[in-house]
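The structure appears right after this line, and notes come after that.
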Amino acid sequence: MARTYRAGIIGAGSIGHAHMDGYILTDNVEVVAVADPVAKARNQYQRAFGIPNGYETAEEMFAAEDLDIVSVCAWHLLHPGLTIAAAKAGVPAVICEKPMAIGVGAAKSMIDACKASGTKLVISHQRRFTPGWEKARDLVAQGAIGKPVFINCKVMDGLTNWGTHAIDGARFVVGDPGAIWVMGAVERVTDKHERAVAIEDACMGLIQFEDDIQLFIQSDLMLEGADAGAFLIRGTDGVLDITETTVKLMNGKSDGWEDIDLHLKEGEQAIGGATNAAQVRELINWMEGGPVHRGNGENAAITVEVMMAMYESARQNRVIRLPMEEQEYPLDLMVAEGKLPVREAGSYDIRGFLNWDGVDEEDYATLRAEGLGHHEAMMKLHDVKELPGRNFPPSSVNVPRS
Ligand SMILES: NC(=O)c1ccc[n+]([C@@H]2O[C@H](COP(=O)([O-])OP(=O)(O)OC[C@H]3O[C@@H](n4cnc5c(N)ncnc54)[C@H](O)[C@@H]3O)[C@@H](O)[C@H]2O)c1
């Protein structure tokens, strides 16, 4: 009989719910504990999923529970510390949320700690398991568009937030090539943050991958059609237009655009039970001696480096060849160096509405019972009508230049 794996969740927020949905659909995993310093978050999560044990800190959870898998679902800046703590506690496998880390050095520290303890590290770029991306990867491998040449994508809400999925996905679809050089441009004229990380108002980058494949990514510029999972991929003999749940192909054999039937099943979407469950099943297979997980830490560290190199390119005004030297977060360095003066006073966080302060637990429970997701419920409870930071045209156009 297959053994049952004991899992623990760190961070009982929005994405913690998606991890739980995935574990529920995975036959041989039992979620036995959750750690979250915010009692309201922890309580509602334990109640919603019937999880017996709750802890204020991850360390307490590691000490009290014998865990096989840990999901790190706290905010970005906490990913390295929590992953390293899990590795040091001897947890055999970690699924850490994206972005893996803010800075090349921080990502490397996670890989090193997991190597030292033998912990299998997966970064939750779960869209790698969506039918659209998987089908597109197969079609590219079969030569349906000839040799892939150029990938175009458009994201918003911060490069490290959505852009990490897009860069990871672009690599996935064309066979995970390494990155050779990066050129980027960055604008930051407002004191913008995303989940406590300073981010840009807008940016763009050109990335040269191996095999002469290029990616162009723009973030928070043209918002129409911005999507963390949508790409146009041009090859020498055809074009693919894909999202996580749709694939359109045009080549010499198709009669114009051909819609590829993906035979979609319930939950097979960007973030969904089926997608998160597939990510877990591949991890268990890896733990049991199967092939390395497609979302392994080393793969995700390439995406971190590409994003950091986009910022570093803007900082240095030059093409950044990889591996890059700067280990810290170049955007923070640019801010500290006075290279990105803010023209509108006032720090703000585009995910600030996720704060539990002042949220009444019962009001939250009522909204969830009415069918609202975590983000929607928190926005309503904080009276946030529109997602902040989505100002188009870009801020430089809105803010008068001196
Ligand atoms: N893979 C995806 O598609 C996807 C989607 C959304 C969010 N995310 C990522 O998930 C992470 C969490 O985002 P979210 O939207 O769920 O945030 P959230 O605020 O809804 O949840 C985070 C939770 O972590 C808790 N927390 C804070 N410090 C902690 C600590 N030291 N130990 C344990 N718990 C702690 C908070 O109290 C909160 O309940 C982010 O890094 C985000 O980028 C990924």
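Determine whether ILE350 is surrounded by 14 or more Cβ atoms within 10 Å (Cβ to Cβ), within 24 Å of the chain's Cα centre (by Cα) and within 16 Å of the ligand (Cβ to nearest atom).
On the way: surrounded by 14 or more Cβ atoms within 10 Å (Cβ to Cβ): yes; within 24 Å of the chain's Cα centre (by Cα): yes; within 16 Å of the ligand (Cβ to nearest atom): yes.
It is true that ILE350 is surrounded by 14 or more Cβ atoms within 10 Å (Cβ to Cβ), within 24 Å of the chain's Cα centre (by Cα) and within 16 Å of the ligand (Cβ to nearest atom).
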Of all residues in region 222-251, which are among the hydrophobic types (A, V, I, L, M, F, W, C), at pLDDT 95 or above and open to solvent by 20 Å² or more (accessible area, probe 1.4 Å)? ALA230, LEU232, VAL239, MET250
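Name the residues in region 38-79 that are small (Gly, Ala, Ser), more than 8 Å from the ligand (Cβ to nearest atom) and either open to solvent by less than 10 Å² (accessible area, probe 1.4 Å) or in a helix (DSSP H, G or I) (or both), would you? Can you show your working first?
Initial filter on region 38-79 (small (Gly, Ala, Ser)): 39, 41, 48, 50, 54, 58, 63-64, 71, 74.
Okay, now just the ones that are also more than 8 Å from the ligand (Cβ to nearest atom), so 39, 48, 50, 54, 63-64, 71.
Hits for region 38-79 are ALA39, ALA48, ALA63, ALA64, SER71.
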Give the residues of region 286-297 that are surrounded by fewer than 20 Cβ atoms within 10 Å (Cβ to Cβ), within 22 Å of the chain's Cα centre (by Cα) and part of a helix (DSSP H, G or I), sorted by residue number. TRP286
Those residues that are more than 19 Å from the chain's Cα centre (by Cα), open to solvent by 10 Å² or more (accessible area, probe 1.4 Å) and of a type in the set (A, V, I, L, M), I need them from region 146-188; list them, please. VAL149, ILE180, MET183, ALA185, VAL186
Quickly run through region 7-37 and pick out the residues that are within 8 Å of the ligand (Cβ to nearest atom) and in a loop (DSSP other than H, G, I, E, B). GLY11, ALA12, GLY13, ASP36, PRO37
Any residue in region 4-24 that is more than 21 Å from GLU266 (Cβ to Cβ) and open to solvent by less than 10 Å² (accessible area, probe 1.4 Å) sitting within a Cβ distance under 8 Å of a residue that is near the ligand (Cβ under 8 Å from one of its atoms) and of a type in the set (Lys, Arg)? List the pairs, counting only those 6 or more apart or interchain. ALA12/ARG42
If ASN152 meets every condition in (1) among the polar types (S, T, N, Q); (2) within 22 Å of MET222 (Cβ to Cβ); (3) touching a Cys at 6+ places or on another chain (Cβ under 8 Å) apart from one, which number is that one? (3)
One residue is enough: does region 384-399 have a residue meeting the conditions at pLDDT below 95, open to solvent by 50 Å² or more (accessible area, probe 1.4 Å), within 30 Å of VAL342 (Cα to Cα) and not in a loop (DSSP other than H, G, I, E, B)? yes
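The values are calculated or read from the model by the stated rules, or taken from the named source; none is laboratory data. Keep in mind that this is a model prediction, so the values were computed, not measured. Methodologically, a virtual Cβ is constructed for each residue, glycine included, from the backbone with ideal geometry; neighbour enumeration extends over all protein chains shown. Calculation scope for accessible area: heavy atoms of the full protein, side chains included, ligands and nucleic acids excluded. Shrake-Rupley method; radii C 1.70, N 1.55, O 1.52, S 1.80 Å.
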